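Read through the structure below, which is laid out as structure tokens, and then see the notes.
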Ligand code: 1GP
């Protein structure tokens, strides 16, 4: 997981053809994350899992609803939304996960993510009742995840919008043992390449459903494009 440079995020509530799923899973990406902000159910996660399971790529379920936890994934990422006003999204869901699946922690299947959701227009921002953050706030969250808690992953989430490159760079300077995930608005090979080097793991979501060919070009070393 530490070596992952790129991951695709598939939304169980969105349709992607069998060929599209094959292209994503065989793209050379380091992982396929299943997660979404709304309409995630056990049934649609299961349906998607069955389609991606045959491929030889690490599979991650990002748990946003305890009712939609499907067995069989390689990893279960449990987000803790640090800038949520609501304790449910910071601590209670993690607590519930430990009550139900705590024995998997020792096998390192469950991984905690410290999330900071920046884009106020994002569904995830609204769903998890976040408060807006300044640059100072974001850097302090990164330090908190690196030094105080600490957590294995800091996820800077812009979902739907490209973040400010200078700020992303500053965040990366705060993190050394923490794995730095960035996600949001990566729409081209050039944007992906610009993040290489200071983001540990970039996550590409929406563009898969809008322009699959371009999405595939965000994979490092992709020959297309
Ligand atoms: C969403 O961070 C991911 O959780 C990816 O964002 O959908 O904007 O690519 P996009």
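The values are calculated or read from the model by the stated rules, or taken from the named source; none is laboratory data. Given the structure is predicted, the values throughout are model-derived calculations rather than measurements. Every residue, glycine as well, gets a Cβ built from its backbone with ideal geometry; the counts of neighbours run over all protein chains shown.
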If you check residue 220 against the conditions, is it away from the ligand (no atom under 14 Å from the Cβ) and closer than 17 Å to residue 29 by Cα? yes
Where a residue in the range 156-183 is closer than 20 Å to residue 215 by Cα and its partner, wherever it lies, is modelled with pLDDT under 95 and within 8 Å of the ligand (Cβ to nearest atom), with Cβ under 8 Å and at least six apart: 159/37
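Let me confirm something: among 132, 150, which residue is farther than 18 Å from residue 79 by Cβ, surrounded by fewer than 16 Cβ atoms within 10 Å (Cβ to Cβ) and more than 9 Å from the ligand (Cβ to nearest atom)? Break it down stepwise before answering.
Working: 150 fails: farther than 18 Å from residue 79 by Cβ.
Exactly one of 132, 150 is farther than 18 Å from residue 79 by Cβ, surrounded by fewer than 16 Cβ atoms within 10 Å (Cβ to Cβ) and more than 9 Å from the ligand (Cβ to nearest atom), namely 132.
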Which listed residue, of 174, 157, 196, is within 17 Å of the chain's Cα centre (by Cα) and more than 26 Å from residue 126 (Cα to Cα): 196
Would you be able to tell me the number of residues in the range 94-121 that are in contact (Cβ under 8 Å) with a residue 24 or more places away in the chain and in contact with a strand residue (DSSP E or B) (Cβ under 7 Å, 6 or more places away or on another chain)? 13
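Return yes when residue 201 is within 24 Å of residue 145 (Cβ to Cβ), within 13 Å of the ligand (Cβ to nearest atom) and touching a residue at least 40 places away in the same chain (Cβ under 8 Å) and no when it is not.
Values: within 24 Å of residue 145 (Cβ to Cβ): yes; within 13 Å of the ligand (Cβ to nearest atom): yes; touching a residue at least 40 places away in the same chain (Cβ under 8 Å): yes.
Considered against the rule, which asks whether it is within 24 Å of residue 145 (Cβ to Cβ), within 13 Å of the ligand (Cβ to nearest atom) and touching a residue at least 40 places away in the same chain (Cβ under 8 Å), residue 201 comes out as yes.
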Residue count, the range 186-198 (criterion: within 13 Å of the ligand (Cβ to nearest atom) and surrounded by fewer than 18 Cβ atoms within 10 Å (Cβ to Cβ)): 3
Subset tally (residues that are touching a helix residue (DSSP H, G or I) at 6+ places or on another chain (Cβ under 7 Å) and over 11 Å from residue 6 (Cα atoms)) for the range 187-215: 9
